[in-house]
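Chemist: Questions regarding the structure given below will be posed in turn.
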Amino acid sequence: MSKTFYSLYFQISKKMEKHSVDFMRYALAIVYIWFGTLKLIGMSPAGELVEQTVFWFKPEIFIPSLGFVEVCIGVGFLFKKLIPITIIILLFHMAATFFPLFILPKICFDSFPYCPTLVGQYIIKNLVLISGAFCVAGKYNHEYYAVPRI
């Protein structure tokens, strides 16, 4: 039984190895385009959190602008040539998404730092998005981008 299981697993894992980074790239694109579009059309469940975090900006301008940036990040993942700049923009965006953990700890934690609220969990899950972006960046770091020598 275990020989059959491992044999099957290794066959499947070869296919996963071949396609996993592209699946991650498409998943990141879908998430960013989807969440960004929700901000653009005023239907984001994170809208109130964004308003409370960056209270010095007008939300009717900032939230759609943030949504536009998120859609651009998503589209950037769809085009391999755009991945380096997309990763840089994503990292700045992700750094900003952690601000509520420090600016609004009562909203993000029932008991800091051990018991995050649903909002806190929503923010903490961004570690997975960052890790996925690193996987994509690792694959597309030199394969497609020859830096001209001067």
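Read the figures in this text as sums done on the coordinates, not as results from a lab. The structure displayed is predicted, hence computed values, not measured ones. Glycine gets a Cβ as well: all are built from the backbone with ideal geometry, and neighbour counts include every protein chain shown.
Chemist: Taking segment 116-126, which residues are in a helix (DSSP H, G or I) and free of Cβ contacts under 8 Å to residues at least 40 places away in the same chain? Spell out how you get there, then give the answer.
Modeler: As a first pass, look at segment 116-126 and keep what is in a helix (DSSP H, G or I): 118-124, 126.
Selection gives LEU118, GLY120, GLN121, ILE123, ILE124, ASN126.
Chemist: Now for a separate question. Mind telling me which of the residues SER20, SER44, SER13 ends up being of a type outside the set (Phe, Trp, Tyr), surrounded by fewer than 16 Cβ atoms within 10 Å (Cβ to Cβ) and under 19 Å from the mean Cα position of the chain (by Cα)?
Modeler: Working: SER44 fails: surrounded by fewer than 16 Cβ atoms within 10 Å (Cβ to Cβ); SER13 fails: under 19 Å from the mean Cα position of the chain (by Cα).
SER20 is the lone residue from the list that is of a type outside the set (Phe, Trp, Tyr), surrounded by fewer than 16 Cβ atoms within 10 Å (Cβ to Cβ) and under 19 Å from the mean Cα position of the chain (by Cα).
Chemist: Being in contact with a Leu (Cβ under 9 Å, 6 or more places away or on another chain) and without any contact (Cβ under 8 Å) to a residue 60 or more places away in the chain is the filter here, so list the residues in segment 6-39 that pass it.
Modeler: Result: TYR26, ALA29, TYR32, ILE33, GLY36, LYS39.
Chemist: Here's something else I'd like to know. Taking the residues in segment 78-99 that are out of contact with any Phe, Trp or Tyr (no Cβ under 9 Å at 6 or more places or on another chain) and touching a residue at least 40 places away in the same chain (Cβ under 8 Å) as candidates, determine which candidate is farthest from ILE33 (Cα to Cα).
Modeler: PHE99
Chemist: Before we move on, is GLY36 touching an Asp or Glu at 6+ places or on another chain (Cβ under 8 Å) and farther than 22 Å from GLY138 by Cβ? Let's see the steps before the verdict.
Modeler: On the way: touching an Asp or Glu at 6+ places or on another chain (Cβ under 8 Å): yes; farther than 22 Å from GLY138 by Cβ: yes.
Taking the combined requirement at face value, the residue satisfies it.
Chemist: For segment 99-127, how many residues meet the condition of being over 18 Å from ILE63 (Cβ atoms) and of a type in the set (A, V, I, L, M, F, W, C)? Even if it seems obvious, please write down each step before you answer.
Modeler: Initially, segment 99-127 is screened for residues over 18 Å from ILE63 (Cβ atoms), giving 101-102, 105-106, 108-118, 120-121, 124-125, 127.
Next, only the ones that are of a type in the set (A, V, I, L, M, F, W, C) stay: 101-102, 108-109, 112, 115, 118, 124, 127.
Matching residues across segment 99-127 total 9.
Chemist: Right, something else. Any chance you could count how many residues in segment 79-115 are under 30 Å from VAL21 (Cα atoms), outside any helix (DSSP H, G or I) and touching a helix residue (DSSP H, G or I) at 6+ places or on another chain (Cβ under 8 Å)?
Modeler: Adding up the residues that qualify gives 1.
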